[in-house]
Amino acid sequence: MVKQTTEMNDASYLFNTGAGFNSQDYLGCHLAASGRAVFRVWAPHAKAVGVVGDFNDWQPSALKLLGATGIWQGQVPNVHAGQLYKFQITTPTGQVQLKIDPFAQQFERKPGDAAVVVEPMTMRWHDSLWLARRKKSRAANRPINIYEVHLGSWRRHLDGSYYTYAELAAELIPYVKQRGYTHIELMPVMEHLLDASWGYQQLGYFAPTSRFGKRDSFLSFVDQCHQANIGVFVDWVPGHFIRNYDALYQYDGTPTFEYADPERANNRRWGAWNFDLGKTQVQSFLISSAEYWLDQCHLDGLRVDAVSNMLYCDYDEGREGQVNQYGDNRNLEGIAFLQKLNTTVLTHHPDILMIAEESSAYPQVTGSVANGGLGFNYKWNMGWMHDTLDFFMMDPLYRHDHFNLLTFAFVYMFDERFILPFSHDEVVHGKKSLMHKMPGDRYNQFANLRTMLTYMAAFPGKQLNFMGSEWGQFLEWRDWSALEWVDLKDDLNHRMQQFTTQLNAVYRHNRPLWEQDHDPAGIIYTHTDDPDSSTMGVYPAGQTKIQFCGRCFQFCSC
């Protein structure tokens with residue numbers, strides 16, 4: 001009993017000091033012997049806390065406060081896997097409210113948001129060979145060609161219902177394998193209520209969404225990807241969370257996970273609440289989430305969403321002019337958190353990748369923390385993406401005067417380690433699909449798209465393309481319906497899909513295209529300042545020359 005109490009005190013101490021990086025093993029719901037379960041929740045300013053669920057007819061079983069830890073704990077009988085529950089919080093003002101379990105590993109199907117009691121994870125993995133190879137190889141010197149997927153709209157049944165994780169594993173994995181991609185990047189699979197949020201306003205930071213099945217089915221999906229030699233990245237959102245009042249907002253009746261300052265807490269841009277990244281318990285919560293997905297779910301990396309929102313005090317609408325104690329606009333707490341996150345995660349998992357979606361010119365995003373950097377492995381190259389799209393969307397008659405759109409990236413291309421992204425953000429909200437962005441008739445649109453993707457494959461940096469672009473889907477992405485697979489009955493779309501498959505094979509099997517794509521010493525440039533001929537040449541030092549012709553961008557139709 002003394003040993004158990006000591007372990008509890010150690011776990012609560014680590015959580016409260018920002019060093020509890022596996023806090024999900026302590027907080028939340030944990031099945032014990034004889035049909036009992038231990039419930040723990042952090043609600044430091046609550047007057048009282050209980051747990052309600054199927055096991056007690058939704059009548060509260062009281063929890064006790066553990067000293068000054070802010071953590072409430074209790075054992076409840078007759079608890080079994082599959083039952084639903086919530087925490088009942090009495091706020092400092094006496095208001096009684098039902099709240100989610102922040103550490104739940106499964107939720108009920110929407111529109112409900114009760115947590116589900118789950119058995120301890122007993123997944124039998126079959127990906128040991130994949131993990132062993134991952135440990136031996138350096139990401140910088142291997143091909144990374146990412147297929148970005150929104151699981152809810154890649155395919156759907158004829159009645160509009162979602163594919164399950166098992167059905168997606170049966171169809172998505174062989175499709176990605178056949179097309180020649182090396183990794184899948186999943187738009188957020190963490191539990192979220194609103195389909196239209198695409199998963200970026202999250203409810204459960206430890207729970208795969210129940211839209212597509214249970215937790216273990218998601219784990220099996222990852223396992224099968226690895227057995228097929230396909231890596232899995234997931235979008236992860238540590239900067240902000242869903243507005244719902246029964247979620248994390250004012251969890252104990254006071255600002256708990258969000259900033260106490262309402263201006264800093266309110267994220268107007270996305271209609272969300274910002275995490276208080278300087279609070280040690282929030283750091284434990286978020287880093288535990290990252291560790292959970294990487295360790296327990298065997299993910300190969302996380303793409304951290306909206307990093308800019310965490311880097312600047314004045315990033316959001318209505319926060320212009322906000323500064324830190326030094327008089328500039330850096331969010332010092334956010335910067336320190338990102339450095340701590342990457343240091344912790346990459347110390348524990350040096351073979352995974354932390355990828356930043358960062359849209360500003362903040363320096364050293366992929367620089368080492370020891371030298372003042374944020375410590376990410378890769379950053380999305382948003383500048384290259386915007387300039388490249390601007391160039392290819394232009395009528396060929398005018399490209400001659402805008403050749404700098406292609407060459408400007410050479411100025412900064414080695415300032416960071418980059419991923420070149422044509423992501424979901426560029427094919428939605430009236431922006432048109434990649435193919436529809438291209439000028440000319442359909443034949444020239446496909447020719448331009450082929451040329452742009454070839455240019456991308458040969459440009460230094462890893463690469464990412466959103467689903468549907470591989471065959472040139474004409475309609476922009478609609479999250480409420482499946483991709484337009486019927487397009488593939490058209491010969492031009494079918495040939496585009498074959499072209500992308502062949503291009504991916506060329507990229508994957510030619511080391512000069514990826515082996516030194518982060519190293520200035522590995523690249524030689526020619527014709528980078530020749531708008532008259534619109535010709536640009538880039539080739540790896542000592543390897544076979546790779547040349548791009550600007551006139552090809554304009555006139556090639558093969």
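With respect to Lys64, is the statement that it is within 25 Å of Pro255 (Cβ to Cβ), charged (D, E, K, R) and free of Cβ contacts under 8 Å to residues at least 40 places away in the same chain true? Can you show your working first?
Values: within 25 Å of Pro255 (Cβ to Cβ): yes; charged (D, E, K, R): yes; free of Cβ contacts under 8 Å to residues at least 40 places away in the same chain: yes.
Considered against the rule, which asks whether it is within 25 Å of Pro255 (Cβ to Cβ), charged (D, E, K, R) and free of Cβ contacts under 8 Å to residues at least 40 places away in the same chain, Lys64 comes out as yes.
Yes or no: region 480-492 includes at least one residue that is of a type outside the set (Ser, Thr, Tyr), part of a helix (DSSP H, G or I), touching a Lys or Arg at 6+ places or on another chain (Cβ under 8 Å) and modelled with pLDDT of 95 or more.
Yes, that holds for at least one residue.
Could you tell me whether any residue of region 47-56 is assigned to a loop (DSSP other than H, G, I, E, B), in contact with a Gly (Cβ under 8 Å, 6 or more places away or on another chain), of a type in the set (Lys, Arg) and at pLDDT 95 or above?
Yes, that holds for at least one residue.
Out of (1) within 20 Å of Ala140 (Cβ to Cβ); (2) modelled with pLDDT of 95 or more; (3) not basic (Lys, Arg), what's the single condition that is false for Gly461?
(2)
Select from region 1-32 the residues that are among the β-branched types (Val, Ile, Thr) and modelled with pLDDT under 90 and list them in ascending order.
Taking region 1-32 as the starting set, the residues that turn out to be among the β-branched types (Val, Ile, Thr) are 2, 5-6, 17.
Selection gives Val2, Thr5, Thr6.
Starting from region 264-292, take each residue that is surrounded by fewer than 19 Cβ atoms within 10 Å (Cβ to Cβ) and part of a helix (DSSP H, G or I) and list its partners that are among the small types (Gly, Ala, Ser) and at pLDDT 95 or above, counting only C-beta distances under 6 angstrom and pairs at least six apart or across chains.
Final answer for the pair search is Thr280/Gly18.
State which residue is nearest to Ile144 (Cα to Cα) when the search covers only region 431-469 and only residues that are polar (S, T, N, Q) and within 22 Å of the chain's Cα centre (by Cα).
Among them, the one singled out is Gln463.
Which residues, taken from region 401-414, are free of Cβ contacts under 8 Å to residues at least 60 places away in the same chain and either surrounded by 19 or more Cβ atoms within 10 Å (Cβ to Cβ) or in contact with a Ser or Thr (Cβ under 9 Å, 6 or more places away or on another chain) (or both)?
The answer is Leu405, Ala409, Met413.
Please return the ranges of helices (runs of 4 or more DSSP H) entirely within region 304-408 where 1 or more residues are in contact with an Asp or Glu (Cβ under 8 Å, 6 or more places away or on another chain).
Ranges flagged: 307-311, 332-348, 382-393, 404-407.
Would you pick out the residues in region 399-456 that are among the aliphatic types (A, V, I, L, M) and in contact with a Cys (Cβ under 8 Å, 6 or more places away or on another chain)? Don't jump to the end; show me each part of the working.
Here is the first cut: in region 399-456, the ones among the aliphatic types (A, V, I, L, M) are 405-406, 409, 411, 413, 419-420, 427-428, 434-435, 438, 447, 449, 452-453, 456.
Passing the criteria: only Ala447.
Among (1) of a type outside the set (A, V, I, L, M); (2) surrounded by fewer than 17 Cβ atoms within 10 Å (Cβ to Cβ); (3) in a strand (DSSP E or B), which single condition is Pro421 missing?
Just one mismatch for Pro421, condition (2).
The values are calculated or read from the model by the stated rules, or taken from the named source; none is laboratory data. If you're wondering where the values come from, they're calculated on a predicted model, not measured in any experiment. Because the Cβ atoms are built from the backbone with ideal geometry, glycine has one as well, and the counts that use them run over all protein chains shown.
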